[in-house]
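Q: Below you'll find the structure I mean.
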Amino acid sequence: MPKTLFWVRTDSPGAEQALVDDRQGLSARGTALAVEPVPYTCRYELRTDREWVTSRLEVTCEGAGWLRSLRLERAAGRWRASTAEQGDLSAALTAAGRVDAGLPGTEDPDRLAAALDVDLSGSVLFNTLPVRRLGLRQAAAGRAYPIEVAWVLLPSLAVVPAEQRYTALDGGGVRFEVEGFSADLSLDGDGYVMHYPGLAERAGPTPR
(Lines give C-alpha, C1' and ligand atoms only; values in the text may rest on other atoms or scores of the structure.)
Protein backbone atom coordinates (compact mmCIF):
# COMPACT_ATOMS: atom_id res chain seq x y z
CA MET A 1 0.00 0.00 0.00
CA PRO A 2 1.59 3.31 -1.08
CA LYS A 3 0.03 5.59 1.57
CA THR A 4 -0.39 5.47 5.33
CA LEU A 5 -2.85 7.59 7.31
CA PHE A 6 -3.01 7.96 11.09
CA TRP A 7 -5.66 9.57 13.28
CA VAL A 8 -5.83 10.14 17.03
CA ARG A 9 -9.23 10.05 18.71
CA THR A 10 -10.21 13.25 20.49
CA ASP A 11 -13.41 12.02 22.15
CA SER A 12 -11.83 9.17 24.14
CA PRO A 13 -8.50 7.28 24.11
CA GLY A 14 -7.99 5.60 20.76
CA ALA A 15 -6.34 5.77 17.35
CA GLU A 16 -6.63 4.49 13.79
CA GLN A 17 -4.06 3.68 11.13
CA ALA A 18 -4.97 2.91 7.52
CA LEU A 19 -2.78 1.74 4.65
CA VAL A 20 -4.40 2.82 1.39
CA ASP A 21 -4.05 2.53 -2.37
CA ASP A 22 -6.37 4.98 -4.16
CA ARG A 23 -5.05 4.76 -7.71
CA GLN A 24 -8.06 2.75 -9.01
CA GLY A 25 -10.81 3.24 -6.47
CA LEU A 26 -9.75 2.36 -2.95
CA SER A 27 -8.06 -0.61 -1.35
CA ALA A 28 -7.42 -0.16 2.35
CA ARG A 29 -6.30 -2.09 5.41
CA GLY A 30 -6.77 -0.49 8.78
CA THR A 31 -6.57 -0.97 12.52
CA ALA A 32 -8.56 1.00 15.08
CA LEU A 33 -8.19 0.86 18.86
CA ALA A 34 -10.73 2.27 21.32
CA VAL A 35 -11.76 1.96 24.96
CA GLU A 36 -15.48 2.75 24.64
CA PRO A 37 -17.84 1.07 25.32
CA VAL A 38 -15.28 -1.64 26.21
CA PRO A 39 -11.63 -1.82 25.09
CA TYR A 40 -11.30 -3.40 21.63
CA THR A 41 -9.11 -3.68 18.55
CA CYS A 42 -10.78 -3.51 15.15
CA ARG A 43 -9.08 -4.63 11.94
CA TYR A 44 -10.64 -4.06 8.53
CA GLU A 45 -10.04 -4.55 4.82
CA LEU A 46 -12.00 -2.41 2.38
CA ARG A 47 -12.36 -2.51 -1.39
CA THR A 48 -14.26 -0.28 -3.81
CA ASP A 49 -14.59 -0.28 -7.57
CA ARG A 50 -13.03 2.42 -9.79
CA GLU A 51 -15.99 4.73 -9.07
CA TRP A 52 -15.50 4.40 -5.30
CA VAL A 53 -18.63 2.30 -4.84
CA THR A 54 -17.99 -0.19 -2.04
CA SER A 55 -17.72 -3.81 -3.12
CA ARG A 56 -16.38 -5.53 0.01
CA LEU A 57 -15.65 -4.90 3.69
CA GLU A 58 -14.14 -7.45 6.05
CA VAL A 59 -13.93 -6.56 9.75
CA THR A 60 -12.80 -8.29 12.92
CA CYS A 61 -13.32 -6.80 16.35
CA GLU A 62 -11.68 -8.31 19.42
CA GLY A 63 -11.61 -7.66 23.14
CA ALA A 64 -11.00 -9.58 26.36
CA GLY A 65 -12.92 -12.86 26.09
CA TRP A 66 -14.61 -12.22 22.74
CA LEU A 67 -14.05 -11.86 18.99
CA ARG A 68 -16.47 -11.06 16.18
CA SER A 69 -16.00 -10.98 12.42
CA LEU A 70 -18.07 -9.67 9.52
CA ARG A 71 -17.79 -9.99 5.76
CA LEU A 72 -20.03 -7.58 3.85
CA GLU A 73 -20.13 -7.79 0.05
CA ARG A 74 -22.06 -5.99 -2.67
CA ALA A 75 -22.58 -7.58 -6.09
CA ALA A 76 -25.24 -7.10 -8.76
CA GLY A 77 -26.89 -4.45 -6.59
CA ARG A 78 -27.37 -6.70 -3.57
CA TRP A 79 -25.56 -6.96 -0.24
CA ARG A 80 -24.58 -10.18 1.49
CA ALA A 81 -23.37 -10.46 5.07
CA SER A 82 -21.67 -13.35 6.84
CA THR A 83 -20.55 -13.33 10.46
CA ALA A 84 -18.77 -15.37 13.10
CA GLU A 85 -18.43 -14.99 16.85
CA GLN A 86 -16.23 -16.44 19.59
CA GLY A 87 -16.67 -15.75 23.29
CA ASP A 88 -19.33 -13.40 24.64
CA LEU A 89 -19.30 -9.66 23.85
CA SER A 90 -22.67 -9.25 25.54
CA ALA A 91 -21.23 -10.54 28.82
CA ALA A 92 -18.28 -8.14 28.54
CA LEU A 93 -20.63 -5.20 27.97
CA THR A 94 -22.89 -6.20 30.85
CA ALA A 95 -19.90 -6.52 33.19
CA ALA A 96 -18.87 -2.98 32.18
CA GLY A 97 -22.38 -1.66 32.83
CA ARG A 98 -23.07 -1.09 29.11
CA VAL A 99 -26.04 -1.92 26.92
CA ASP A 100 -26.08 -5.31 25.15
CA ALA A 101 -24.75 -4.98 21.60
CA GLY A 102 -27.07 -7.46 19.89
CA LEU A 103 -26.01 -9.78 17.10
CA PRO A 104 -23.45 -9.02 14.37
CA GLY A 105 -24.48 -8.60 10.74
CA THR A 106 -28.03 -8.08 9.50
CA GLU A 107 -31.05 -10.38 9.30
CA ASP A 108 -32.35 -8.57 6.20
CA PRO A 109 -29.65 -7.46 3.71
CA ASP A 110 -32.36 -6.14 1.37
CA ARG A 111 -32.75 -3.19 3.77
CA LEU A 112 -29.31 -2.07 2.54
CA ALA A 113 -30.28 -2.14 -1.15
CA ALA A 114 -29.97 1.65 -1.66
CA ALA A 115 -26.52 1.87 -0.05
CA LEU A 116 -23.48 2.39 -2.26
CA ASP A 117 -21.17 3.19 0.66
CA VAL A 118 -20.33 1.58 3.97
CA ASP A 119 -19.60 3.49 7.17
CA LEU A 120 -17.66 1.98 10.06
CA SER A 121 -18.54 3.73 13.30
CA GLY A 122 -15.68 5.70 14.82
CA SER A 123 -13.53 5.44 11.65
CA VAL A 124 -12.92 8.67 9.74
CA LEU A 125 -11.45 6.85 6.73
CA PHE A 126 -14.96 5.86 5.67
CA ASN A 127 -16.09 9.48 5.27
CA THR A 128 -13.80 9.60 2.25
CA LEU A 129 -15.93 7.09 0.32
CA PRO A 130 -18.87 9.43 -0.47
CA VAL A 131 -16.52 12.42 -0.72
CA ARG A 132 -14.64 10.78 -3.58
CA ARG A 133 -17.60 8.94 -5.14
CA LEU A 134 -19.65 12.15 -5.38
CA GLY A 135 -16.76 14.50 -6.21
CA LEU A 136 -17.58 16.65 -3.20
CA ARG A 137 -14.29 18.56 -3.13
CA GLN A 138 -15.07 19.87 -6.62
CA ALA A 139 -18.78 20.51 -5.98
CA ALA A 140 -20.24 24.00 -5.60
CA ALA A 141 -20.38 25.20 -1.99
CA GLY A 142 -23.81 24.54 -0.51
CA ARG A 143 -24.65 21.60 -2.73
CA ALA A 144 -26.06 18.79 -0.59
CA TYR A 145 -26.09 15.06 -1.29
CA PRO A 146 -28.44 12.81 0.72
CA ILE A 147 -27.21 9.21 0.72
CA GLU A 148 -27.94 5.87 2.35
CA VAL A 149 -25.11 3.80 3.80
CA ALA A 150 -24.60 0.37 5.30
CA TRP A 151 -23.54 1.43 8.79
CA VAL A 152 -21.38 -1.08 10.66
CA LEU A 153 -21.53 -0.49 14.41
CA LEU A 154 -18.57 -1.12 16.69
CA PRO A 155 -17.90 -3.22 18.60
CA SER A 156 -21.02 -5.27 17.82
CA LEU A 157 -20.53 -5.40 14.00
CA ALA A 158 -24.29 -5.03 13.60
CA VAL A 159 -25.14 -3.60 10.17
CA VAL A 160 -28.00 -1.14 9.82
CA PRO A 161 -29.17 1.20 7.03
CA ALA A 162 -28.60 4.87 7.78
CA GLU A 163 -29.53 8.10 6.02
CA GLN A 164 -26.71 10.64 5.85
CA ARG A 165 -26.17 13.99 4.18
CA TYR A 166 -22.94 15.50 2.85
CA THR A 167 -22.81 19.18 1.89
CA ALA A 168 -19.91 20.81 0.05
CA LEU A 169 -18.35 23.78 1.89
CA ASP A 170 -16.06 26.62 0.85
CA GLY A 171 -12.39 25.63 0.99
CA GLY A 172 -12.96 22.00 0.03
CA GLY A 173 -14.43 20.78 3.32
CA VAL A 174 -17.76 19.03 3.83
CA ARG A 175 -20.59 19.07 6.34
CA PHE A 176 -21.60 15.62 7.53
CA GLU A 177 -25.07 15.08 9.00
CA VAL A 178 -26.76 11.99 10.41
CA GLU A 179 -29.68 11.53 12.83
CA GLY A 180 -29.59 15.11 14.12
CA PHE A 181 -25.78 15.20 14.40
CA SER A 182 -23.69 17.60 12.30
CA ALA A 183 -19.94 18.18 11.93
CA ASP A 184 -17.85 20.22 9.47
CA LEU A 185 -14.95 18.07 8.31
CA SER A 186 -11.70 19.48 6.97
CA LEU A 187 -10.09 17.39 4.23
CA ASP A 188 -6.73 17.10 2.51
CA GLY A 189 -6.33 17.35 -1.26
CA ASP A 190 -7.22 13.68 -1.72
CA GLY A 191 -10.42 13.86 0.31
CA TYR A 192 -9.12 12.22 3.51
CA VAL A 193 -10.18 13.75 6.81
CA MET A 194 -7.72 16.07 8.55
CA HIS A 195 -10.02 17.17 11.38
CA TYR A 196 -13.34 15.70 12.52
CA PRO A 197 -14.59 17.88 15.41
CA GLY A 198 -15.27 15.82 18.50
CA LEU A 199 -13.92 12.59 17.03
CA ALA A 200 -10.42 12.59 15.51
CA GLU A 201 -7.40 14.55 14.26
CA ARG A 202 -4.90 13.49 11.62
CA ALA A 203 -1.41 12.89 12.99
CA GLY A 204 1.92 12.45 11.21
CA PRO A 205 3.01 13.73 7.79
CA THR A 206 0.49 14.24 4.98
CA PRO A 207 0.96 11.51 2.31
CA ARG A 208 1.98 12.58 -1.18
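Q: Could you state the number of Å between the C-alpha centres of region 152-177 and region 44-83?
A: Result: 17 Å between the Cα centres.
Q: Please work out whether region 153-208 counts as rounded, prolate or oblate from its C-alpha gyration tensor, where a ≥ b ≥ c are the square roots of the eigenvalues and a/c under 1.5 means rounded, while otherwise a/b larger than b/c means prolate and anything else oblate?
A: Numbers: a/c = 2.25, a/b = 1.38, b/c = 1.63.
Since a/c reaches 1.5 but b/c is at least a/b, the shape of region 153-208 is classed as oblate.
Q: Hey, rough spin-label estimate for E107 and E179, points 7 angstrom out along Cα→Cβ, what's it come to in nanometres?
A: 1.9 nm
Q: Follow-up. Tally Lys and Arg at +1 and Asp and Glu at -1 over the other residues with C-beta under 13 Å from the C-beta of G122: what net charge comes out?
A: Values: positive: R9; negative: D11, E16, E36, D119.
Summing Lys/Arg as +1 and Asp/Glu as -1 gives -3.
Q: For region 136-208, state which GluC sites (Glu not before Pro) are in a DSSP loop and have at most 15 other beta carbons lying within 10 Å of their beta carbon.
A: Details: sites: E148, E163, E177, E179, E201; in loops: E179.
Sparse-neighbourhood loop GluC sites (Glu not before Pro): E179.
Q: To continue, here is another question. Give me the tail of P(r) for the chain as a percent: Cα-Cα pairs with distance above 29 Å.
A: Working: 4403 of 21528 pairs.
The share of Cα pairs beyond 29 Å in the chain comes to 20 percent.
Q: Just to check, using Stokes-Einstein with a Kirkwood Rh over alpha carbon pairs, what's the diffusion coefficient of region 103-194 at 4 °C and 1.567 mPa s in µm²/s? Don't skip to the end; give the middle numbers.
A: Numbers: Rh = 13.6 Å.
Stokes-Einstein gives a translational diffusion coefficient of 96 µm²/s.
Q: Taking 0.36 nm per residue of sequence separation and subtracting the Cα-Cα distance, how much length would be gained by fully extending the chain between A15 and E85, in nm to one decimal? Walk me through the numbers before you get to the answer.
A: Numbers: separation 70, 0.36 × 70 = 25.20 nm, distance 2.40 nm.
Residue separation times 0.36 nm, minus the Cα-Cα distance, leaves 22.8 nm.
Q: For D184, tell me the accessible area in Å² from a 1.4 Å probe, rounded to the nearest 10.
A: 70 Å²
Q: Apply 1/(1 + (r/R0)^6) to the Cβ-Cβ distance of R50 and A140, taking R0 = 22 Å, and write down the FRET efficiency to the nearest 0.05. Mind dumping the intermediate values first?
A: On the way: r = 24 Å, r/R0 = 1.11.
Result of the calculation: an efficiency of 0.35.
Q: Could you work out how far apart the two model spin labels at T60 and E36 are, taking each label as a point 7 Å from the Cα in the direction of the beta carbon, and quote it in nm?
A: The modelled label-to-label distance comes out at 2.7 nm.
Q: Suppose R0 equals 22 Å; then what is the FRET efficiency for M1 and A76 from their Cβ-Cβ distance, rounded to the nearest 0.05?
A: Details: r = 28 Å, r/R0 = 1.28.
Computed FRET efficiency for M1 and A76 comes out at 0.20.
Q: What percent do you get for the relative contact order of the chain when only Cα pairs under 8 Å and 6+ apart count?
A: Details: 496 pairs, mean separation 34.9, N = 208.
It rounds to 17 percent for the chain.
The values are calculated or read from the model by the stated rules, or taken from the named source; none is laboratory data. Computed from a predicted model, the values in this text were never measured in an experiment. Here Cβ is always computed from backbone atoms with ideal geometry, including for glycine, and neighbour counts include all displayed protein chains. Ligands, DNA and RNA are excluded from the accessible area calculation, which covers all protein heavy atoms including side chains. Shrake-Rupley method; radii C 1.70, N 1.55, O 1.52, S 1.80 Å.
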